[in-house]
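Reviewing the structure listed below.
Bear in mind these aren't lab numbers, they're just calculated from the coordinates by the rules spelled out. Just so we're clear, the structure is a prediction, and the values are computed from it rather than from any experiment. Cβ coordinates were reconstructed from backbone atoms using ideal geometry, including for glycine residues, and neighbour counts include every protein chain displayed.
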Amino acid sequence: MTSTHQKFAYAPAPESRAIVDLAPSYGLFIDGEFTEAADGTVFKTVSPSTEEVLAEVARAGEADVDRAVKAAGRAFTKWSALPGAERGKYLFRIARILQERSRELAVLESLDNGKPIRETRDFDLPTVAAHFFYYAGWADKLDYAGYGPNPRPLGVAGQIIPWNFPLLMLAWKIAPALATGNTVVLKPAETTPLSALFFADVCRQAGLPRGVVNILTGYGDAGAALVAHEGVAKVAFTGSTAVGKAIARTVAGTRKKVTLELGGKAANIVFDDAPIDQAVEGIVNGIFFNQGHVCCAGSRLLVQESVQDEVLDALKRRMSTLRVGDPLDKNTDIGAINSPEQLARITALAEAGEAEGAERWAPACELPESGYWFAPTLFTGVTQAHRIAREEIFGPVLSVLTFRTPAEAVEKANNTPYGLSAGIWTEKGSRILSVASKLRAGVVWANTFNKFDPTSPFGGYKESGHGREGGRHGLEGYLSEAAGPTSAHDGHLQALPGGEREGERDR
Amino acid sequence: MKTSEAPRLSVFKTYKLYVGGKFPRSESGRVYEVTDSKGGTWLANAPLASRKDARDAVVAARKAVPGWSGATAYNRGQVLYRVAEMLEGRREQFAREVADAEGLSKAKAAAQVDAAVDRWVWYAGWTDKIAQVVGGANPVAGPFFNLSTPEPTGVVAVLAPQESSFLGLVSVIAPVIATGNAAVVVASERAPLPALSLGEVLATSDLPGGVVNVLSGRTAEIAAPLAAHQDVNAIDLTGASAELAVELERAAADNVKRVRRPAVPGGAEDWTADPGTGRLTAWLETKTVWHPIGS
């Protein structure tokens with residue numbers, strides 16, 4: 001190994017956390033106000049990189065869910081009756097305020113989630129603002145979206161999001177819901193409640209009418225109560241397939257519309273004519289981005305046998321340069337594992353990989369003493385029967401399998417109950433398109449990986465869920481299928497009562 | 001200190017053209033008198049743009065096309081939204097100019113300006129959606145990936161409506177540039193001042209110079225060289241009289257310009273109506289890419 005493949009010495013470059021003003025405790029955000037939980041329960045949220053307690057947060061129970069759903073129900077009448085252009089202007093305001101406050105929110109997200117500041121700053125926050133900006137523009141254009149004339153909102157949307165991209169998942173949920181005229185009750189994950197509560201403050205600055213957005217911090221019991229609440233017309237969930245199935249059972253027999261974005265076990269397929277260096281970057285990004293806490297992570301590398309050695313050598317060299325450590329350090333590539341529970345799951349599955357006979361490799365890598373950490377890890381000699389090839393690990397662990405022909409690659413790629421995403425690496429365009437057409441996956445990246453854009457739909461086949469988020473398609477999950485009653489014309493020149501401009505009312 | 005007895009004398013504005021991101025006078029050195037809607041009170045002198053000014057504006061617009069059409073749709077959307085933000089802060093100035101230009105009450109003029117701000121927002125939202133509405137995959141009967149996407153046609157000459165000096169003006173400019181075209185705009189002949197002031201807003205809205213160029217003067221005089229210009233891709237005849245429209249359409253045929261005929265001669269349309277997508281698609285080409293699927 002030459003010296004160019006060794007880590008460069010570097011000085012730490014930590015981002016200041018002074019930009020975030022954290023209060024010691026936070027309430028639930030219901031009907032435009034922060035409030036304690038009805039039974040007064042609270043829980044602590046910690047920084048996974050230091051185990052430091054960041055704040056105390058109210059823990060929502062059934063009574064709080066009821067209060068929030070009713071507030072959202074009351075707000076729905078006026079919100080859904082607003083001309084689309086006016087609704088859109090609220091969302092544009094939110095997008096702009098998110099852009100203004102993006103550094104603060106990026107630091108906050110790194111603190112609470114453990115992910116590197118480089119990712120929150122350069123990926124999460126810009127994408128969050130862009131998502132609101134995109135759906136803001138749809139609010140007065142729904143007649144053009146292809147879902148029938150005069151599409152109508154559903155009502156109150158109950159939304160449950162995971163801890164891996166807290167603010168981005170919030171944006172994916174709230175932006176299309178509000179643009180289409182629904183109101184929302186959103187429950188962030190129990191390990192990452194803070195950015196959603198800061199978002200409540202963004203709503204305040206934007207002058208959003210009370211009750212349109214409600215945030216309930218809490219655990220799975222609050223989520224279950226939200227899904228089951230009779231005032232909820234739509235359930236949107238991102239998280240594990242097991243919980244997704246439970247939600248599907250709960251809503252069975254109701255009129256609730258459901259979209260589910262669940263787990264994945266994506267195949268990243270590298271053919272022998274692939275640009276190897278580019279592919280290696282894509283493999284690394286595919287599995288180590290966000291510590292591998294990504295439902296569409298390229299967690300199964302399928303490499304053509306003839307280039308296996310070349311790819312693995314290059315991959316190991318590249319993995320040796322990854323920096324694991326302080327999420328707030330701008331040099332950090334891999335941050336902390338989000339929680340001790342998640343660390344235990346990753347550890348157990350990696351041990352199963354060894355026990356079942358796969359070969360484990362990780363670069364020499366010093367891990368911090370406090371906090372939750374897992375070194376980037378590679379398994380070779382993996383068969384399709386191994387647990388590490390079948391189960392979603394949701395951590396920085398890559399399983400490598402090989403294939404000889406394109407048909408075998410497709411066969412192996414599809415051999416999973418999941419179907420969220422896939423990657424294809426080859427210089428041959430016709431092969432990209434033929435393989436893509438045979439993959440049972442909702443997103444296929446060719447010669448790239450983990451690309452996201454507000455205009456582009458995202459979602460899975462099979463047990464990775466149903467419905468799409470993002471793009472024109474993302475509107476469908478929040479619109480009524482039946483032709484509803486005709487409302488007042490949504491022309492955006494319509495005068496508002498009293499000559500007052502909406503939004504100045506609530507300021 | 002002694003206060004002066006005499007009332008304060010206001011400072012008049014010299015209205016100039018807006019070309020290539022700068023504010024030049026007409027190269028001809030000519031101006032013409034602009035009066036209020038009743039034709040009585042002098043408001044200002046406006047530049048009387050020449051054929052040469054028109055050609056200069058086309059050069060500036062052409063230069064701006066690669067950068068602007070190459071910007072992401074998201075970026076263009078943000079710039080158009082920024083125009084709305086900047087305009088919102090100058091509502092009173094424009095309401096005054098519109099009231100003078102169109103003889104409207106203060107409240108009615110303000111409503112026109114508010115509607116114009118909202119129209120920028122409407123088109124800001126279209127930049128990254130129009131391709132999803134008018135483009136898409138074509139299910140051809142064969143092993144081919146086949147995708148149609150809209151692209152901007154290039155430089156569009158725009159004859160702004162004669163009566164609606166601001167809402168009408170914004171309604172014809174915004175859709176041209178939303179998709180990445182550059183515009184050469186001929187302002188309302190009788191009421192050009194709001195259009196010339198709009199240049200000041202565009203210049204401070206992150207819009208690259210040359211994407212919008214505003215000329216004032218005699219519509220027929222400026223439009224003729226634009227309609228015949230070989231480096232202009234399209235012309236919007238909204239503000240042309242019936243007779244002038246025919247003449248210009250004939251001239252535009254020489255390099256097969258895309259032509260949008262006036263719905264009502266002079267552009268006396270109902271500008272408060274839902275704008276739809278017609279003014280976006282008028283300035284778009286459709287590109288279809290084929291690629292084999294196989295082995």
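Quick notes on this one:
- Dipole of the protein assembly as shown computed with +1 at Lys/Arg Cβ and -1 at Asp/Glu Cβ about the Cα centre; of B:Tyr123, A:Ala248, B:Leu104, farthest Cα towards the positive end is B:Leu104.
- Taking amide hydrogens as placed 1.01 Å from N in the peptide plane, the amide H of A:Ser299 sits under 5 Å from those of A:Ala266, each at least 5 positions away in sequence or on another chain.
- Placing +1 on the Cβ of every Lys and Arg and -1 on the Cβ of every Asp and Glu, with nothing else charged, gives segment A:206-302 a dipole about its Cα centre of roughly 760 debye.
- Nearest 10 degrees, 0 to 90: helix A:429-438 Cα axis against chain A principal axis: 70
- Across q = 0.14, 0.18 Å⁻¹, segment B:43-113 modelled as identical point scatterers on its alpha-carbon atoms has Debye log10 I(q)/I(0) values of -0.76, -0.95, in the order of the q list.
- Taking 0.36 nm per residue of separation and subtracting the Cα-Cα distance, full extension of the segment from B:Trp290 to B:Ala242 would add 13.0 nm.
- Excluding same-chain neighbours fewer than eight residues apart, the lysines reachable from B:Lys52 by a Cα-Cα span under 21 Å are B:Lys16, B:Lys22, B:Lys63, B:Lys257.
- At 1.567 mPa s and 4 °C, Stokes diffusion of segment A:63-214 via Kirkwood alpha-carbon radius, µm² per second: 84
- Segment B:18-24 - phi-based ³J(HN,Hα) in whole Hz, Karplus 6.51/-1.76/1.60, Gly and Pro as x: 10, 9, x, x, 10, 10, x
- Taking A:Lys256, B:Lys63, B:Lys13 and counting other C-beta atoms within 10 Å, the order from fewest to most: B:Lys13, B:Lys63, A:Lys256
- Relative to the dominant Cα principal axis of chain B, helix B:167-178 is inclined by about 40°.
- Counting Cβ atoms of other protein chains within 10 Å of each residue's Cβ and taking the mean over peptide B:127-136 gives 4.
- Cα convex hull, segment A:217-299: 119 Å³ per residue, rounded to a whole number.
- Its alpha carbons give segment B:1-150 an Rg and a Dmax of 22.3, 89 Å.
- Segment B:240-286-segment A:350-426 distance, computed between alpha-carbon centres (Å): 59
- P(r) of segment A:48-144 over all Cα-Cα pairs, binned every 10 Å from zero, in whole percent: 14, 27, 32, 23, 3
- Cα gyration tensor shape of segment A:254-371, rounded if a/c is under 1.5, else prolate or oblate by comparing a/b with b/c: oblate
- Farthest towards the positive end of the charge dipole of segment A:303-459, among the residues A:Thr347, A:Trp361, A:Phe394, is the Cα of A:Phe394, using unit charges on the Cβ of Lys, Arg, Asp and Glu.
- Here the mean projected area of the convex hull built on the C-alpha positions of segment B:119-232 is 8.9 nm².
- Segment B:227-268 - Debye-derived log10 I(q)/I(0), Cα point model, q = 0.19, 0.20 Å⁻¹: -0.46, -0.50
- Angle of helix A:102-113 to the longest C-alpha principal axis of chain A, folded into 0 to 90 degrees and rounded to 10: 60°.
- Ordered from longest to shortest, the equivalent ellipsoid semi-axes for the protein assembly as shown are 51, 32, 25 Å, each the square root of 5 times a Cα gyration tensor eigenvalue.
- For the protein assembly as shown, the antiparallel share of DSSP beta bridges with both residues in that region comes to about 40%.
- 5 angstrom amide H check on B:Arg218, placed H, neighbours 5+ away: B:Ala49
- Rounded to the nearest 20 debye, dipole of the protein assembly as shown from Cβ charges on Lys, Arg, Asp, Glu: 1400
- Alpha-carbon centroids, segment B:52-95 and segment B:140-174: separation in whole Å: 14
- Here the average projected area of the convex hull drawn through the C-alpha atoms of segment A:17-73 stands at 4.8 nm².
- In loop segments of segment A:218-283 as defined by DSSP, the GluC sites (Glu not before Pro) with at most 12 further C-beta atoms inside 10 Å of their C-beta are A:Glu230.
- P(r) histogram, all alpha-carbon pairs of segment A:437-483 included - 5 Å bins from 0, percent: 5, 19, 23, 26, 16, 6, 3, 1, 0
- Average projected area [Cα convex hull, segment A:130-271], square nanometres: 10.7
- In a reduced charge model with +1 at each Lys and Arg Cβ and -1 at each Asp and Glu Cβ, segment B:71-176 shows a dipole moment near 120 debye about its Cα centre.
- Pairs of lysines in segment A:225-301 whose Cα atoms sit within less than 16 Å of one another amount to 5, provided the residues are eight or more positions apart or on different chains.
- Selected from B:Ala95, B:Trp68, B:Leu167, residue furthest toward positive end of dipole (segment B:67-195; charges at beta carbon): B:Trp68
- Neighbourhood charge, 14 Å Cβ-Cβ cut-off, centred on A:Leu226 and excluding it, Lys, Arg +1 and Asp, Glu -1: +1
- Over chain B: Kirkwood hydrodynamic radius from C-alpha pairwise inverse distances, Å: 19.7
- More than 28 angstrom apart: percent of Cα pairs within segment B:164-295: 17
- Here the contact order of chain A, divided by its residue count and restricted to Cα pairs under 8 Å and six or more residues apart, works out to 19 percent.
- Within straight-line reach of B:Lys129, meaning a Cα separation under 17 Å, sit the following lysines at least 8 residues removed in sequence or on another chain: A:Lys89, A:Lys141, B:Lys287.
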